[in-house]
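Read the figures in this text as sums done on the coordinates, not as results from a lab. All figures in this text were calculated on a predicted structure; none of them were measured in a lab. Counting neighbours? That spans all protein chains shown, and the Cβs are built from the backbone with ideal geometry, glycine included.
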């Protein structure tokens, strides 16, 4: 797996790079000072499997950056790192803009490591899965459609809702299931008899 880490502060960037190496010996991690260096890094190292993007959400450009990277690298996972207050608000904003995950840099190193591990290796801690009995009817519908391998556009057409609404529903579903991907959600749905 090839990971690009964009972080303006060299010390923090090096710490994140080391954390990735500690979590997995199967990753190639390239540290970059800015998202503006991603295209050059791609030309040198190849397409990233995962982009870790440091954002301060100090202006609207940060959300635009997420959208631009999602359009430019549709097959890459996009994870936003941020130390903003009101993290829940910005997490939803980032997910809606196209990010696959949001990690608050103010969390403990253990929490950050656990979230990165899940993302890297697809590990699912069954003990952390809570509230499955509280899934809404819409969330149960989404699980069935995800299990069929449907993309957001197909889901939106099937449920007669916008793609934006699909993304919001998926973000809430993933949060409820404590997972970070469609495959993990489908795995949980199957192992728990939800589909």
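Sort 40-50, 91-101 by packing, meaning the average of other beta carbons within 10 Å per residue, with the highest value first. Write out the running numbers ahead of the final one.
Numbers: 40-50: 14.1, 91-101: 19.9.
Packing proxy ranking, top to bottom: 91-101, 40-50.
So how tilted is helix 10-23 from the main axis of the chain? Cα-based, degrees 0 to 90, rounded to 10.
Approximately 50 degrees, to the nearest ten.
Residue separation times 0.36 nm, minus the C-alpha to C-alpha distance between residue 106 and residue 61: what's the value?
Values: separation 45, 0.36 × 45 = 16.20 nm, distance 2.22 nm.
Gain in length upon complete extension: 14.0 nm.
If I take every Cα pair under 8 Å that is 6 or more residues apart in the stretch 12-106, average their sequence separation and divide by the length, what percent do I get for the relative contact order? Don't jump to the answer; show the numbers that get you there.
Working: 99 pairs, mean separation 21.4, N = 95.
Computed value for the stretch 12-106: 23 percent relative contact order.
What nm value, rounded to one decimal, do you get for the distance between residue 28 and residue 190 when each label is placed 7 Å out toward the C-beta?
3.1 nm
Can you tell me how much longer the chain between residue 162 and residue 71 gets when fully stretched, taken as 0.36 nm per residue apart minus their C-alpha distance, in nm with one decimal?
Numbers: separation 91, 0.36 × 91 = 32.76 nm, distance 1.83 nm.
30.9 nm is the gain from fully extending residue 162 to residue 71.
What is the calculated FRET efficiency for residue 9 to residue 175, with r their C-beta to C-beta distance and R₀ = 30 Å, to the nearest 0.05?
Numbers: r = 28 Å, r/R0 = 0.94.
Here the calculated transfer efficiency is 0.60.
Using only the Cα atoms, work out Rg/Rh for the stretch 2-121, with Rh taken as the Kirkwood radius, to two decimals.
In the stretch 2-121, Rg relative to Rh is 0.92.
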